[in-house]
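Here the structure is laid out as structure tokens; the discussion comes afterwards.
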Amino acid sequence: MKSIISGRNIDDSVDSTLIPLTSGIRIQTLNYIVTLELGGRKMTVIVDTGSDLSWVQCQPCKRCYNQQDPVFNPFNISFIPNSFMQFTSVSVPGICNWKFRSLWKQPSDLNNQGLFGGASGLVGLGRSSLSLISQTSAMFGGVFSYCLPITEAESSGSLIMGGNSSVYKNTTPISYTRMIPNPLLPFYFLNLTGITVGSVAVQAPSFGFPSAPAFMILDTCFNLSGYQEVEIPNIKMHFEGNAELNVDVTGVFYFVKTDASQVCLAVASLSYENEVGIIGNYQQKNQRVIYDTKGSMLGFAAEACSFD
């Protein structure tokens, strides 16, 4: 891990690694990104808790999406990955996957498309046995956490592999809720018990501002250009076990236009009533979010995200 992902060891006596985590705005993605090293080359990849497979685009690639860095050439590896990780890479047309101590193949007619911006690939932090978290559980105890910074390109948060809580900078106590098991879908499910806007428990938030056109999947938008000052209440999400996620204005509204003539509630509607909701990265900014996969717990605490 230390030789594959660019970060620093927190303490030689503690199995934890601190990794810089930044917004992908500069490479045209709204996901968050880290830098990893593979075959002697550093590459920018997306961090995704909803994915299990870790991959980068590889040569030869006839139908790759455009990425910022050169496409990885597995035939020109300058070193064998450290046995500390025991990675083995395999080249198939268009994509390289890696997994501990094993290989697998993909169809040769891949068409690499998706919302990856200019990233070279993706690191999967999901719950299945394929994910980086599962494969490093003996090393890091199945625990990881992150603090997502605001979306300005120069802002940096952190991804911490391992459960060394002494390096957290949270300003509020960590509140935990249990993960809900689902054998059919290996995602991180939680039991959301309620939402409050300001101090009022509501079913559907109402802000009372002039409306504006919808923007992409965001269908609740306002025109705030006529206001010199607007007071935006915080949103609080309540979970089983009295855990709470406090969302301030940076996670409540998405400013489509800088003159505030189109400002959207950063919450998208579900397609149907029983569809599973997702707590997106926009609501998780400036929070320390801790995943304990072995204890099946997830924790929240406020933190001003920085990497130093």
- line: The extension gain from S166 to E231, computed as 0.36 nm times the residue separation minus the Cα-Cα distance, is 19.9 nm
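For the full complex of protein chains and a 1.4 angstrom probe, list F307, F187 by accessible area with the highest value first.
Details: F307 60, F187 85 Å².
Ranked list, largest accessible area first: F187, F307.
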statement: Expressed to two decimals, region 119-245 has a Cα Rg over Rh, using the Kirkwood radius, of 1.02
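How much length is gained if the chain between Y65 and A304 is pulled fully straight, taking 0.36 nm per residue apart and subtracting their Cα-Cα distance, in nm to one decimal? Please report the intermediate quantities before stating the final value.
Numbers: separation 239, 0.36 × 239 = 86.04 nm, distance 3.42 nm.
Difference between extended and current length: 82.6 nm.
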- prompt: Per residue, what volume in Å³ does the convex hull of the Cα atoms of region 234-308 enclose?
  reply: 140 Å³
- request: Return the distance in nm (one decimal) between the two label points of a simple spin-label model at K294 and V200, each offset 7 Å from Cα along Cα→Cβ.
  value: 4.7 nm
- prompt: How much accessible area per residue does region 13-53 have, in Å², with a 1.4 Å probe?
  reply: 37 Å²
task: Please check which bits of region 28-72 a label hung off I217 would reach, taking the label as a point 7 Å along Cα-to-C-beta and the cut-off as backbone N under 18 Å.
output: 28-33, 46-52
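What is the mean projected area of the alpha carbon convex hull for region 184-248, to one decimal in square nanometres?
Orientation-averaged projected area of the Cα hull: 6.6 nm².
Using 0.36 nm times the number of residues separating Y272 and S129, minus their current alpha carbon distance, what extension gain do you get? Write out the running numbers ahead of the final one.
Numbers: separation 143, 0.36 × 143 = 51.48 nm, distance 3.05 nm.
That pair, Y272 and S129, stretches by 48.4 nm at full extension.
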task: Of the options C264, T193, F253, report the single residue whose Cα projects farthest towards the positive end of the charge dipole of region 148-278 (beta-carbon charges: Lys, Arg +1; Asp, Glu -1).
output: T193
query: Taking R0 as 25 Å, what's the FRET efficiency between L192 and D259 from their Cβ-Cβ distance, rounded to 0.05?
result: 0.15
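The values are calculated or read from the model by the stated rules, or taken from the named source; none is laboratory data. Just so it is clear, the model here is predicted, and its values are computed rather than measured. Here Cβ is always computed from backbone atoms with ideal geometry, including for glycine, and neighbour counts include all displayed protein chains. Heavy atoms of the whole protein, side chains included, go into the accessibility calculation; ligands, DNA and RNA do not. Shrake-Rupley method; radii C 1.70, N 1.55, O 1.52, S 1.80 Å.
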